[in-house]
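Here's a structure for you.
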Amino acid sequence: MAPVHYHFDQFPPNNLEWGHLIPLIGPANAAIARYDGLLSAIPNSRVLLSPLTTQEAVLSSRIEGTVATIGEVLEVEAGGDTPGISPAKREDAFEILNYRKAMRFCENALQERALSPHLLRQAHQLLMAGVRGRDKNPGSFREQQNWIGNPGCSIDNASFVPIPQAHLTEGIGRWEQYVAGGAPDPLVQLAIIHAEFEALHPFMDGNGRLGRMIIPLFLHSRGILSGPHFYISAYLDANRDEYLDRLRAVSATGDWTQWVMFFLQGLQIQAKDNEAKARRILELYAEIKERAVEITHSQWAIRAVDFLFQTPFFYGTHFVDQVNIPKASANRMLALLREHGIVHTIRQGVGRRPSLYSFPQLVDVVEGRA
């Protein structure tokens, strides 16, 4: 099969079949609004939704071929020895942690400036720092042709060939204009923004992950969401073949409408799933907060619970150091939380190596098991 090439003179599309899109726009907007209503009621959403952000990074990276689980990522993030995790999975974990770091950078940056190619170059530099692709000019748009296909394939055997580098600057300029401009509906605009970014494929590596980061960043920058806490990669990963086929069809046949329909359906499905998970996390937080106060009878109990929700894998020494309470109280509290089954021991400490603990109920919620 011959590769599909970039769609010159078809962006932005002027042939959308709005009759097919309008029935999907309302439900998608309503689902996102309900989800954002819940987000707005969470006073410490960044803390409570931190594990969902990590899971989004896991799933977005999985689309690109990584295989590390959220548990493995959190264990690597905790630091120290990871004897059960292979070097390859450690590499995957660092890529995923970079994704989360780049998202946090963009979230802070959007308080003062717009979503732009310059912001994406900065995010790309963070995304690729110290991991696979670090030798492919992180933070810089490509200066040579790239292509998408099976690992090691030639351009003649590629599935898709993005815009040639001679036209990339012009293409990025058009994309930036469209991002900044108005559109009949911002969710339709977002679908087109994402597809065009992937078709431009402006970096030598990391385009898929960065393109999916754009989705929550745009929703936040337009005030559709109170924060960039939207997680769509579960839908895209579950429908990976259709996701990639719809993107290719935009360039192959100019079928923007079917792509936008697929994207709007994903927004609605994931808004409902995001709302359900966020609500379950809130319920778990209230439950664990009450239990921790009852178990420990400590004025520091809420501080300890906040730590667990932000850091569900941790070493005992980190708990003592970072909860910021007296050491004796921290050690006593950790022992009580472990004794009552809230905290589990992953690996018992030996010699000078501290014990590794987890908060499994939270991970189960994030991964959809509870």
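Could you tell me which of the residues GLN125, GLN177 is over 27 Å from PHE263 (Cβ atoms), in a helix (DSSP H, G or I) and at pLDDT 95 or above?
Checking each option against the conditions leaves just GLN125.
Looking at ALA330, is it within 30 Å of SER226 (Cα to Cα) and either in a loop (DSSP other than H, G, I, E, B) or outside the structural domain of PRO51 (by TED's automatic domain parsing) (or both)?
no
Then there's this: Specify the residue that is farthest from LEU217 (Cα to Cα); the eligible residues are those in segment 252-289 that are among the polar types (S, T, N, Q) and at pLDDT 95 or above.
Only one residue tops the list, namely THR253.
In segment 311-365, which residues are more than 24 Å from PRO83 (Cβ to Cβ), touching a residue at least 24 places away in the same chain (Cβ under 8 Å) and within 29 Å of the chain's Cα centre (by Cα)?
Of everything in segment 311-365, those that are more than 24 Å from PRO83 (Cβ to Cβ), touching a residue at least 24 places away in the same chain (Cβ under 8 Å) and within 29 Å of the chain's Cα centre (by Cα) turn out to be ILE342, GLN361, VAL365.
Being over 21 Å from TRP256 (Cβ atoms) and of a type in the set (Lys, Arg), is that true of even one residue in segment 204-216?
Yes; the residues of segment 204-216 include at least one that is over 21 Å from TRP256 (Cβ atoms) and of a type in the set (Lys, Arg).
With ALA292, ALA249 as the choices, which residue is surrounded by 22 or more Cβ atoms within 10 Å (Cβ to Cβ), in a helix (DSSP H, G or I) and modelled with pLDDT of 95 or more?
ALA292
Looking at segment 348-370 only, could you name the residues that are among the basic types (Lys, Arg) and either in a helix (DSSP H, G or I) or touching a helix residue (DSSP H, G or I) at 6+ places or on another chain (Cβ under 9 Å) (or both)?
Result: ARG369, single match.
Between a first residue in segment 127-143 that is at positive phi and a second residue that is among the small types (Gly, Ala, Ser), which pairs have beta carbons less than 9 Å apart while being 6 or more apart in sequence or on different chains?
Sorted first by the residue in segment 127-143, then by its partner, the pairs are GLY133/GLY206; GLY139/ALA123.
May I ask you to say which residue of PRO162, PRO184 is surrounded by 21 or more Cβ atoms within 10 Å (Cβ to Cβ) and touching a helix residue (DSSP H, G or I) at 6+ places or on another chain (Cβ under 9 Å)?
The conditions single out PRO162.
Consider segment 34-67. How many of its residues are assigned to a loop (DSSP other than H, G, I, E, B), among the hydrophobic types (A, V, I, L, M, F, W, C) and surrounded by fewer than 21 Cβ atoms within 10 Å (Cβ to Cβ)?
Result for segment 34-67: 3.
If you go through segment 1-33 one residue at a time, how many are farther than 14 Å from PHE230 by Cβ and part of a helix (DSSP H, G or I)?
Summing the residues that are farther than 14 Å from PHE230 by Cβ and part of a helix (DSSP H, G or I) in segment 1-33 gives 11.
Tally up the residues in segment 165-181 that are touching a helix residue (DSSP H, G or I) at 6+ places or on another chain (Cβ under 7 Å), among the aliphatic types (A, V, I, L, M) and more than 18 Å from HIS220 (Cβ to Cβ), please.
Result for segment 165-181: 2.
Further question on the same structure: Name every residue in segment 99-116 that is farther than 20 Å from ASP205 by Cα and among the small types (Gly, Ala, Ser), in order of residue number.
ALA109, ALA114
If you don't mind, another one. With touching a residue at least 24 places away in the same chain (Cβ under 8 Å), assigned by TED's automatic domain parsing to the domain that holds GLY266 and either more than 17 Å from the chain's Cα centre (by Cα) or closer than 21 Å to LEU21 by Cβ (or both) as the only criterion, which of ASP185, ASP241, ASP237 stands out?
Testing whether each residue is touching a residue at least 24 places away in the same chain (Cβ under 8 Å), assigned by TED's automatic domain parsing to the domain that holds GLY266 and either more than 17 Å from the chain's Cα centre (by Cα) or closer than 21 Å to LEU21 by Cβ (or both) leaves just ASP185.
Could I ask something else about it? Could you pull out the residue among GLY139, GLY149 that is in contact with a His (Cβ under 8 Å, 6 or more places away or on another chain), surrounded by fewer than 18 Cβ atoms within 10 Å (Cβ to Cβ), farther than 17 Å from SER61 by Cβ and of a type outside the set (Phe, Trp, Tyr)?
On inspection, the qualifying residue turns out to be GLY139.
The values are calculated or read from the model by the stated rules, or taken from the named source; none is laboratory data. These numbers come from a predicted model, not from an experiment. When we count neighbours, we look across all protein chains shown, and the Cβ atoms used for this are built from the backbone with ideal geometry, even at glycine.
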